[in-house]
1. When residues of region 355-368 are filtered for being over 19 Å from E388 (Cβ atoms) and either touching an Asp or Glu at 6+ places or on another chain (Cβ under 6 Å) or polar (S, T, N, Q) (or both), how many remain?
2. Which condition number does D556 fail, the rest of (1) more than 27 Å from the chain's Cα centre (by Cα); (2) surrounded by 14 or more Cβ atoms within 10 Å (Cβ to Cβ); (3) over 22 Å from L636 (Cα atoms) being met?
3. Tell me yes or no: at least one residue of region 385-402 is touching a helix residue (DSSP H, G or I) at 6+ places or on another chain (Cβ under 8 Å), closer than 25 Å to L481 by Cα, in a loop (DSSP other than H, G, I, E, B) and in contact (Cβ under 8 Å) with a residue 40 or more places away in the chain.
4. Hey, among S172, S200, which residue is part of a helix (DSSP H, G or I), under 20 Å from M150 (Cβ atoms) and modelled with pLDDT under 80?
5. Counting just the residues of region 113-137 that are surrounded by fewer than 20 Cβ atoms within 10 Å (Cβ to Cβ) and among the charged types (D, E, K, R), which one comes out modelled with the lowest pLDDT?
6. Looking at region 646-660, I want the residues that are assigned to a loop (DSSP other than H, G, I, E, B) and have a partner that is at pLDDT 85 or above and among the hydroxyl-bearing types (S, T, Y) with Cβ atoms under 8 Å, at least 6 apart or on another chain. Which pairs are those?
7. Only one of E612, E587, E617, E555 is outside any helix (DSSP H, G or I) and either at pLDDT 85 or above or not small (G, A, S) (or both); which?
8. For region 488-515, give me the residue count where each residue is surrounded by fewer than 16 Cβ atoms within 10 Å (Cβ to Cβ) and either more than 27 Å from the chain's Cα centre (by Cα) or under 30 Å from N656 (Cα atoms) (or both).
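The values are calculated or read from the model by the stated rules, or taken from the named source; none is laboratory data. Note that the structure is predicted; figures quoted are calculated from it, not measured. Every residue, glycine among them, receives a Cβ derived from its backbone with ideal geometry; neighbour counts consider all protein chains shown.
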Amino acid sequence: MAKDMTKGNPGKTLFFFAVPMVLGNLFQQLYNIIDSIIVGNYVGADALAAVGASSSITFLFVAIATGLSIGSSVVISQYFGAKRYGEMKTAIQTVLLASFVIALCLMLVGIFGTDAILRFMQTPQKIFSDASLYLKIYFCGLVFLFLYNMLTASFNAIGDSKSPLVFLALSSVCNIVLDLYFVTNLKMGVAGAALATDISQAISVVVSFLWLCTRMKKMKTQQKSRIFDLHILEIVCNVAVPSMLQQSMVSIGIFLVQRLVNGYGEAVMAGYAAATKIDSIAILPMVNVGNAVSTFTAQNIGGKKPERVKEEIEDIIGIPAEDAPCISAKSGLNVEQVLERIVTDLPAPNGDENAKAKCLIFDSYYDNYKGAVAYVRVVDGKIKVGDEIKLMAANKEFVVAEVGYFLPGNYMPTQEIKAGEVGYIAASIKNLSDIHVGDTITLKENPADEPLKGYKKVTPMVYCGLYPIDGSQYEDLKEALEKLKLNDAALEYEAESSAALGFGFRCGFLGLLHLEIIEERLDREFDLGLITTAPSVIYKVYKTDGTIIELYNPEDLPTSQEISYIEEPFVTANILTPKDYVGNIMELCQRRRGIYIDMKYLDENRVTLIYEMPLNEIIYDFFDNLKSKTKGYASLDYEFKEYKKSNLVKLDIYINGEKVDALSFIVHKDSSYERGKKMVEKLKTVIPRKLFKIPIQAAIGGQVIARETISAMRKDVLAKCYGGDITRKKKLLEKQKRGKKKMREIGNVEIPQEAFLSVLKLDDE
């Protein structure tokens, strides 16, 4: 029966509405799964590969149908929630007719374009005919697929998610029976599987349509409904088309992946087909919950009960929504409330236009024609074109060439900017080191007495080396880092060199995420191929002679005889997580030398764990492990606390007897063996084999604690010896042995980039 979701407890209503939707979609997935099981067992692996090759194509059409149905459901739900049953019936009839026409067009495209699609997919010739036959029969039933999705959307829109579940269960049983009959009894192969799917879907469409007609007759309306309404179709398209495109993007990605898989042969295709079926079942529940939330929201918006939507946002997402304005950017509803809230809630800027000029630089960028352009907030005074300005921190003077304001995606030049305004200043600043975020700009003739407080200088917490893969790109890397530092005050760098990697830079970052962002920007914006060394933190080394040094690079660590003790930075880590994962997180923190401080319950489901942890344990793969153990729900924040004495050692990596300084890192002595073992095992998998054995060793000082050996590639020198004297074979083997010994002495081992990246992600499992 129809369910009005504008009444009752929101959480309970949404739960009982979503469960049948989840179960119904699981039944719908059974169509292809049943086809695959029966075909794989009774026809063979080639036939299963043919069905699998077709699944990504069929999934694309299913995504289009699903997207249209989701968009249609939102509009129908709004009419139902507003009690406008006449327009609701018109909308249902309009979307059914429109989906019928769209399905017919796609069916013709699919039938006549099947072979071309399969050729583009690189379908092996061995299964081409079976895949083509399966798809053509499947496309003949495309009308039933679209109509059923629209009928299901109509039921969901009126709050009835149980009826589609019953119809799907019925059609799934029919599909199993028909599959077995066509494939096993009639020996129709893949054609039988496709035909069984079409017939089952046709049955579900007929039953669903008759039941929907019965339901609609019970809803009395004063206004007679229309079979088709162009205006309602336009409203539906505005919502459905973006939804369809969103759903299709994922399926297009699957389509392209399938194209790559097809190139590996029938066996791989069959395995991939089975895996994708399981994967689709795993992601469906969250998709259905999202659809249920959209229906719930649409009904309540249509019923003019936005407070229920706010309540549901607070219950499910956990975001306070009691003060949220009810607006629609699409229709322009209550936009004036947003503008009013900006005026009332955000304080107006203050400043004196007649005072000495003070402008705070909060960002900057480099323009090839204008030089370094400063983004500023004018605190006091004014700046106009032609003024001679002074950068107080850099103590440099320039003439203003251009000032202006910001527009969306553009700039608006003007003659002056004054107190309380935000804009930009271009003064032909060519030297990138002259401009800093947080610096104060004033006038040369009447300078400010003191600079603005600016920003607190950010201290980098993580250091690592960045080296260009191509040594000739050293200057390009230097220029790129200068440009990035313009709008990233937290980035620090200085030149350094490595015996293994050549010339590069030692860079400081706020954390591992900051490091990854800088790496990505250097790759995308400047097209630089980089090798990243193991990250490290700043250690304080207390020497026996009483001096203290700050250690940025593990290679600079003095010998053990010179060291009295070492201190490492500790941080206070705040971990926000659902309560179900508290045990997993506590176990992870304890393995990483974490000290438990406190645990606070924010509400019934969310907990904050507070630990004191060494920063060195966080910067490697702690965050990845945290996300893995909490299914992505936990979040991490940390701040520096203090330096503490620790038992630390330097772990060196030797490859073919030579130390690779770029792979050295500092680790706690208790975990040194475990980390060294993992490191050499990982390097063994990423370093390519040579014609000689390659030993990989992890050592502390002069003591080797872990070793792996990459076996040599061997050529069968006896392949052409078909008998004859045994001495001939012995001579060939001895000659090969001497050659390998010589090669081991003079041979070089090329270390790929993956080897240097492997130290960043040491699995904890």
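1. Adding up the residues that qualify gives 2.
2. Of (1) more than 27 Å from the chain's Cα centre (by Cα); (2) surrounded by 14 or more Cβ atoms within 10 Å (Cβ to Cβ); (3) over 22 Å from L636 (Cα atoms), only one is false for D556: (2).
3. Looking for residues that are touching a helix residue (DSSP H, G or I) at 6+ places or on another chain (Cβ under 8 Å), closer than 25 Å to L481 by Cα, in a loop (DSSP other than H, G, I, E, B) and in contact (Cβ under 8 Å) with a residue 40 or more places away in the chain, one finds at least one in region 385-402, hence yes.
4. Working: S200 fails: modelled with pLDDT under 80.
Answer to the selection: S172.
5. K126
6. Taking only residues 6 or more apart or on different chains, the pairs are V660/Y654.
7. Result of the check over E612, E587, E617, E555: E612.
8. Adding up the residues that qualify gives 6.
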